[in-house]
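**Student:** Okay, handing you the structure first.
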Amino acid sequence: MGANSSSISELPENEYLKKLSGAEPISENDPFWNQLLSFSFTTPTNSADLKLLEEATISVCKSLVEKNPRTGNLGSLIKVFLSRTKELKISAECQNHLFIWQAHNALFIICCLLKVFISRMSEEELQLHLTYEEKAGPGSYGAECEDLIEELLCCLIQLIVEIPLLDITYSISLEAVTTLIVFLSCQLFHKEILRESIIHRYLMRGRCLPYTSRLVKTLLYNFIRQERSPPPGTHVFQQQTDGGGLLYGIASGVATGLWTVFTLGGVGSKASPQLEQCSPLASQSLLLLLVLANLTDAPDMPNPYRQAIMSFKNTQDNTAFSSSSPHAFQINFNSLYTALCEQQKSDQATLLLYMLLHQNSNVRTYVLARTDIENLVLPILEILYHVEERNSHHVYMALIILLILTEDDGFNRSIHEVILKNITWYAERVLTEISLGSLLILVVIRTIQYNMTRTRDKYLHTNCLAALANMSAQFRSLHQYAAQRIISLFSLLSKKHNKVLEQATQSLRGSLGSSDSPCPDYAQDLNVIEEVIRMMLEIINSCLTNSLHHNPNLVYALLYKRDLFEQFRTHPSFQDIMQNIDLVISFFSSRLEQAGAELSVERVLEIIKQGAVALPKDRLRKFPELKFKYVEEEQPEEFFIPYVWSLVYNSAVALYWNPHDIQLFTMDSG
């Protein structure tokens, strides 16, 4: 299917690439550029092809790195591209395939070269490569070239926000987004978080700054629209069309002679199944948006891209923009909500949802007011349900989204009113009919149990319990299976508590007889388990004191396993909270005893429902309301920046980096 490694390996010997990376300066007006830029290919998308391409062209890149300070050929290529982009908008309107095709090819080569330059040198060195002046004359450049990087960055942003998205412009729009990601990829080659960066400075101030809101808006709309790639070859200049002039003659004359080795699938080849199912532009735009939103603030200026994400509003919101939100804009929230619901299988869409709920109060208010909230919550629950198959960061984001949603009492009430039929992905038990609230409880409890037996991540425990605690006062009509799982989790914790207690006792006895052996820190383990047990008791208590009459199934499960709670009645850490639970167990137990033996499940539930009305509420001790709010850690960038770049590394379309060069995060073996 097109080129293989042997044909790609001919690239280092290609005469045009050799000239570009040679010792001779090439004027930006030289006909050479028309020849260089007249090649046809389908952009490589899989890492195998990209790796072959990178390995084949590395000698060309090394030569250019070495000779460019004297020739300035990279700068000349960039200037050729800049001059051609001035006509791009009108070219798109006039369907000028040739012009767009050559501009795209120029940008593709620039992107490939920049990726190697950035991985091999500092930003300061890169700047020198683009400002060096040896002599005056054709092809050299003077003081106006000092801002060539800024000019290129600004041009890429203008291209993204101003060029209409058509079949013939799709590839160049994607390449512009990709090149911006490459410009920012210097972070990959540093262990520490970059807080001072030349590229960041250009993007956050100066000529790029006025485009902030338009860029964020365009990237969001690219994500929302999920435009598929046009059929391969659409963006390529069609030689059979009528046309004339010198440029046409040059293009048609060399198109077969230059990079025919570089087809990587061929112009007419079928797109890969992966690309048929997704939108490369949507995926790449989302990655760029996440990278921009997570750039660190400058000492004298907050990140404008994050400001734009925090402040944009719904197109139906007619209130005036606040003067404190200079980068605010409007977007269709209904379309955004639909896209977010549909795309949650990807880490990056979940991360975007987290950022919007956490940072943009307009989005959060809108989402919480939706009457079809299950469309958003179900995909999040599915992520948590398949915890074994997800990376831990994706699970954290899903869980924090739930925690943010459960901060709202309206959400906690409404989820129990949404009735779901046949949840096919929930395998433990057939759920023919269950409320969204009960399903949420089941999935969160399952996540806690998985964490207890596998990862033992305290952060995960804390957030799961916080979400349950936020919901507990609003539990309504709990499904019998959800009620059972709450008590089963308590049972599991109880057994774990007894086991650690026993180990601690044995260890203490052993250490009395030997002064040499170190004693394991069972006290710390015990403390953690007791914290979790305390929290579970508070959750049960919160439900009993606020909505006992709405939850006969929980009372039933509590009575069925009443012996579990015996050992905690006199325990100093739990005595206070056990008073209410003990009272409820005693009250309903006595009513059941009065009703006689051998009662059916239906009769027990009937007695519980009658008893719930008769229970004197004033005898239940009041505790402070359980409310937990998600707060980001200090210096969240230490978590988010490596996470975002790991997503770029693993998910970006048509980008490959040598894993041995990556410094920011540890590479998985294999």
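**Student:** For region 156-166, in order, what is each residue's ³J(HN,Hα) by Karplus, 6.51 cos²θ - 1.76 cosθ + 1.60 with θ = phi - 60°, in whole Hz (x at glycine and Pro)?
**Tutor:** So the Karplus estimates, Gly and Pro as x, are 4, 5, 4, 4, 5, 8, 10, 7, x, 7, 10 Hz.
**Student:** On the full set of protein chains, 1.4 Å probe, figure out the accessible area of residue 372 and give it in Å² to the nearest 10.
**Tutor:** Near enough 40 Å² of accessible area.
**Student:** So how far, in whole Å, is the C-alpha centre of region 583-658 from the one of region 169-198?
**Tutor:** After rounding, the separation between the Cα centres reads 42 Å.
**Student:** Oh, and also: Return the whole-Å distance between the Cα centroid of region 305-368 and the Cα centroid of region 100-117.
**Tutor:** 33
**Student:** My understanding is that a pair violates if its Cα-Cα distance is over 29 Å; which of 217/421; 19/191; 191/458 do that in this structure?
**Tutor:** Working: 217/421 37 Å; 19/191 36 Å; 191/458 26 Å.
From 217/421; 19/191; 191/458, over 29 Å: 217/421; 19/191.
**Student:** Along the charge dipole of the chain, pointing to its positive end and built from +1/-1 on Cβ of Lys, Arg, Asp and Glu, which listed residue (383, 183, 550) has its Cα farthest out?
**Tutor:** 550
**Student:** Round to a whole number: what % of the accessible area of the chain belongs to carbon and sulfur, probe 1.4 Å? Can you show the working numbers first?
**Tutor:** Numbers: 14610 of 29570 Å².
Of the solvent-accessible surface of the chain, carbon and sulfur hold 49 percent.
**Student:** What residues qualify as long-range amide H neighbours of residue 435, i.e. H under 5 Å apart, gap of 5 or more or another chain, H built at 1.01 Å from N?
**Tutor:** Here 420, 479 satisfy the definition.
**Student:** Another question, then. Please give the calculated 222 nm ellipticity per residue for the chain, where each DSSP H segment of at least 4 residues contributes -39500 (n - 2.57) and the sum is spread over every residue; nearest 500 deg cm²/dmol? Walk me through the intermediate numbers first.
**Tutor:** Numbers: 30 runs with 394 residues, N = 670.
After summing the helix terms and dividing by the residues of the chain, the value is -18500 deg cm²/dmol.
**Student:** Next up: Any aspartates and glutamates with Cα under 14 Å of the residue 629 Cα? List them, leaving off those in the same chain fewer than 8 positions away.
**Tutor:** Within the straight-line limit of under 14 Å, residue 629 reaches these aspartates and glutamates: 407, 408, 409.
**Student:** Check which residues have an amide H placed less than 5 Å from residue 298's amide H, if you skip close sequence neighbours.
**Tutor:** 303
**Student:** Tell me, what ³J(HN,Hα) does each residue in region 548-561 have, in order and in whole Hz, if you take phi through Karplus 6.51 cos²θ - 1.76 cosθ + 1.60 with θ = phi - 60° and put x for Gly and Pro?
**Tutor:** So the Karplus estimates, Gly and Pro as x, are 4, 5, 8, 10, x, 5, 6, 4, 4, 5, 5, 5, 5, 10 Hz.
**Student:** Probe radius 1.4 Å, ligands and nucleic acids left out: which of 301, 310 has the largest accessible area, and how do the rest follow?
**Tutor:** Numbers: 301 40, 310 90 Å².
Accessible-area ranking of 301, 310, largest first: 310, 301.
**Student:** Is region 55-112 rounded, prolate or oblate when judged by the Cα gyration tensor, a ≥ b ≥ c being the square roots of its eigenvalues, rounded requiring a/c under 1.5 and prolate requiring a/b larger than b/c? Present the calculation step by step, with values, prior to reporting the outcome.
**Tutor:** Values: a/c = 4.91, a/b = 2.11, b/c = 2.33.
Note, shape of region 55-112 comes out oblate.
**Student:** Here is a further query. Counting only the backbone N, which residues of region 455-469 are under 13 Å from the spot 7 Å out from the Cα of residue 392 toward its beta-carbon?
**Tutor:** Once the point is set 7 Å along Cα→Cβ of residue 392, 455-461 turn out to lie under 13 Å by backbone N, inside region 455-469.
**Student:** Same structure, new question: Students often forget the sequence filter, so: which aspartates and glutamates lie under 16 Å Cα-Cα from residue 51 once same-chain residues fewer than 8 apart are removed?
**Tutor:** Answer for residue 51, where 16 Å is the Cα cut-off: 10, 661, listed by chain and number.
**Student:** Here is a follow-up. Less than 23 Å apart at the alpha-carbon level, and either on another chain or at least 8 residues along: which lysines does that give for residue 609?
**Tutor:** Cα-Cα hits under 23 Å: 561, 617, 622.
**Student:** I'd like the distance separating the alpha-carbon centroids of region 418-441 and region 451-510, in whole Å.
**Tutor:** With region 418-441 and region 451-510 each reduced to a Cα centre, they are spaced 22 Å.
**Student:** Next question. HN-Hα J couplings of region 577-594 from phi, Karplus 6.51/-1.76/1.60, θ = phi - 60°, integer Hz, Gly and Pro as x?
**Tutor:** 6, 6, 4, 5, 5, 4, 4, 5, 4, 4, 4, 6, 4, 5, 5, 5, 4, 5
**Student:** Could you sort 333, 639 by accessible area so the largest value comes first, with the probe set to 1.4 Å?
**Tutor:** Details: 333 10, 639 60 Å².
Greatest to least solvent exposure: 639, 333.
**Student:** Pull up all non-local amide H partners of residue 314: gap of 5 or more, or a different chain, and H-to-H distance under 5 Å with H placed in the peptide plane.
**Tutor:** Distant-sequence amide H within range of residue 314: 331.
**Student:** Quick one: ranking 18, 86 by accessible area, 1.4 Å probe, largest first, what do you get? Mind dumping the intermediate values first?
**Tutor:** Working: 18 100, 86 150 Å².
Result, largest first: 86, 18.
**Student:** I'm spelling it out carefully: the read-out is semi-axes √(5λ) of the Cα gyration tensor in Å, the candidates are (1) 44, 30, 24; (2) 61, 27, 22; (3) 72, 34, 17, and one was derived from this structure. Which label?
**Tutor:** Here the calculated entry is (2).
**Student:** Taking the solvent-accessible surface of protein heavy atoms with a 1.4 Å probe, what is the per residue accessible area of the chain in Å²? Walk me through the numbers before you get to the answer.
**Tutor:** Numbers: 29570 Å² over 670 residues.
Per-residue value: 44 Å².
**Student:** Toward the positive end of the charge dipole of the chain, about the Cα centre and with charges on Cβ (Lys, Arg +1; Asp, Glu -1), which of 657, 289, 25 goes farthest?
**Tutor:** 289
**Student:** So how exposed is residue 365, as accessible area in Å² (1.4 Å probe, rounded to 10)?
**Tutor:** Surface open to solvent at residue 365 totals about 90 Å².
**Student:** Can you give the FRET efficiency for residue 417 and residue 19, using 1/(1 + (r/R0)^6), R0 = 56 Å, r = Cβ-Cβ distance, to the nearest 0.05?
**Tutor:** Numbers: r = 70 Å, r/R0 = 1.26.
Here the calculated transfer efficiency is 0.20.
**Student:** Got a number for the accessible area of residue 462? Probe 1.4 Å, square angstrom, nearest 10.
**Tutor:** Surface accessible to solvent at residue 462 totals approximately 80 Å².
The values are calculated or read from the model by the stated rules, or taken from the named source; none is laboratory data. The structure presented is a predicted model; accordingly, all values stated were derived computationally and were not measured. Neighbour counts run over all protein chains shown; Cβ positions are idealised from the backbone, glycine included. Heads up: the accessible areas ignore ligands, DNA and RNA and are worked out on the full protein's heavy atoms, side chains in. Shrake-Rupley method; radii C 1.70, N 1.55, O 1.52, S 1.80 Å.
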